[in-house]
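Participant: Sharing a structure, written as structure tokens. Questions coming.
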Amino acid sequence: MTLPIPPPSDTQATAPTPGPIGVFVVEDLDPVREAFALLLGWTPGFACVGVADSAEAALEAVPAEAPDVVLLDIGLPGRSGLEVLGPLHARWPAAEFLMLTVHDDPDHVFEALKAGASGYLVKTTPPAEVLEAIRALHAGGAPMSASVARKVVEAFHAPDLASEGLSRRESEVLDHLVDGETVRQIADALFVSPSTVAFHVRQIYEKLHVHSRAEAVARALGGRRPR
């Protein structure tokens, strides 16, 4: 006989439903800025908490809530995105910063990483991939456009990280991180679970003496932290 399942009592805790990822957009081009705001507003799991058309406007903005992720254009009028990244990071220390730009040269990448960015996408990135990058960034990833990653790799000789004590699997995971892949994508490529990938990422952090995936990627690309 099947017994009915009793409803949860008042003392039983229920898991909180995660809210949408709050995104603040800093972009000077009106059509691009408005398109991002609409995209974030229409897509389940995301919310646009504010927009700004310049570095100055971003610093003066008072969104209803602190953003989880900031989409920041480098080529802003007046103060550039690189110049304002530091002050915005100080204002919203818990936020992750995703740079959007037409520049895909290694110098801009390392300057952005040094200033506190965790991801770097070119503006030609399709909207669906931008959303995936935001999701990955919020989950602890370091998304980077493939064209950016390739150019950075070409600019530096990849070091031999075996001396750092990385295992073969950890080196494989690091290679996928350099390619800008998310935890889910790495797990699918290596036929392991996302939790296993996360474990390897933590081991990579410890062995390379870094504190973020952006730093780990920088070590893999240049053999050192961003200059």
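The values are calculated or read from the model by the stated rules, or taken from the named source; none is laboratory data. Only a predicted model underlies this, so the values are computations on that prediction, with no experimental measurement involved. The protein model used for the area step is the full one, side chains on, heavy atoms only, and it has no ligands, DNA or RNA in it. Shrake-Rupley method; radii C 1.70, N 1.55, O 1.52, S 1.80 Å.
Participant: Restricting to helices (runs of 4 or more DSSP H) lying wholly in the range 144-227: which have 3 or more residues that are modelled with pLDDT under 75 and of a type outside the set (Gly, Ala, Ser)? Walk me through it before giving the result.
Facilitator: Numbers: elements: 146-155, 168-178, 183-190, 194-208, 213-222.
In the range 144-227, the matching helices (runs of 4 or more DSSP H) lie at 146-155.
Participant: State whether one or more residues within the range 113-131 are of a type in the set (Lys, Arg), in a helix (DSSP H, G or I) and open to solvent by 20 Å² or more (accessible area, probe 1.4 Å).
Facilitator: As a first pass, look at the range 113-131 and keep what is of a type in the set (Lys, Arg): 114, 123.
Going one step further and asking which of them are in a helix (DSSP H, G or I), we end up with 114.
Next cut, open to solvent by 20 Å² or more (accessible area, probe 1.4 Å) only: 114.
Among the residues of the range 113-131, at least one is of a type in the set (Lys, Arg), in a helix (DSSP H, G or I) and open to solvent by 20 Å² or more (accessible area, probe 1.4 Å), which makes the answer yes.
Yes/no per residue for (1) open to solvent by less than 20 Å² (accessible area, probe 1.4 Å); (2) not in a loop (DSSP other than H, G, I, E, B):
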residue: 47; (1), (2): no, yes
residue: 63; (1), (2): no, no
residue: 87; (1), (2): no, yes
residue: 99; (1), (2): yes, yes
